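Data first, discussion second: the structure below is written as structure tokens.
The values are calculated or read from the model by the stated rules, or taken from the named source; none is laboratory data. In this text the structure is predicted, and so the values were computed from the model without any measurement. Counting neighbours? That spans all protein chains shown, and the Cβs are built from the backbone with ideal geometry, glycine included.
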Amino acid sequence: MRESTIVPFAMGELFNNVNEFIQPMVNHYFDYIRIHVSQMGGITPCMKVARLGEWFNVKTAWHGPGDVSPVGHAANAHIDLAVWNFGIQESHFWNEKAQAVFPGCQTYKNGYMYINEAPGLGVDINEKEAAKYPIGTKSNWTLRKGDGTIIRP
């Protein structure tokens, strides 16, 4: 696909190891590193991949959907601020309940993300507020075996 279009590609969302990025970067298969930071193992391995991307002109685009907590989004933003090859950041706008449970969430104004400058990632967890929203036992996840067949509970 790379040879048939000039459309930028993002890759890596399902990768779990720094080594999975080496050959695709060497071969210039993609333009943006798209990593789910917690799936990759945290900030340190993601920084290693970002540094590798610098050598091949690959920018960052950390995965940041709505099912990633404000803590995860803060980790994304902190990496963005620390790398030379920042590209773009997927974001999520937090409702009042989420902001109450996670004080220090990043905020947005005029297309810019602002992070809390408190120590660490700047986001805390208010356990008393979180207790108001217990997790139910039902899930919308589809469980599959290694061969892809669906597991029925």
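Residues are listed down the side, and each one gets a yes or a no for (1) farther than 27 Å from Pro103 by Cα; (2) assigned to a loop (DSSP other than H, G, I, E, B); (3) at pLDDT 95 or above; (4) polar (S, T, N, Q):
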| position | (1), (2), (3), (4) |
| --- | --- |
| Asn16 | yes, yes, no, yes |
| Tyr29 | yes, yes, no, no |
| Ile35 | no, yes, no, no |
| Arg51 | yes, no, yes, no |
| His63 | no, yes, no, no |
| Gly72 | no, no, no, no |
| Ala77 | no, no, no, no |
| Asp80 | no, no, no, no |
| Ser91 | no, yes, no, yes |
With respect to Trp62, determine if the residue is farther than 12 Å from Ile33 by Cβ and within 19 Å of the chain's Cα centre (by Cα). no
Going through the stretch 60-81 in order, the residues found to be over 17 Å from Val123 (Cβ atoms) and touching a helix residue (DSSP H, G or I) at 6+ places or on another chain (Cβ under 7 Å) are Thr60
Hey, can you tell me all the residues within the stretch 99-114 that are under 18 Å from the mean Cα position of the chain (by Cα), among the aliphatic types (A, V, I, L, M) and either more than 15 Å from Gly64 (Cβ to Cβ) or in a loop (DSSP other than H, G, I, E, B) (or both)? none
Which residue pairs have Cβ atoms under 8 Å apart, sit 6 or more places apart or on different chains, and have a first residue in the stretch 91-119 that is hydroxyl-bearing (Ser, Thr, Tyr) and a second that is part of a helix (DSSP H, G or I)? Ser91/His73
Which of the residues that make up the stretch 127-144 are modelled with pLDDT under 80 and in a loop (DSSP other than H, G, I, E, B)? Ile135, Gly136, Thr137, Lys138, Ser139, Asn140, Trp141, Thr142, Leu143
Checking the condition free of Cβ contacts under 8 Å to residues at least 60 places away in the same chain and over 18 Å from Glu13 (Cα atoms), which residue from Val83, Val68, Val49 passes? Val83
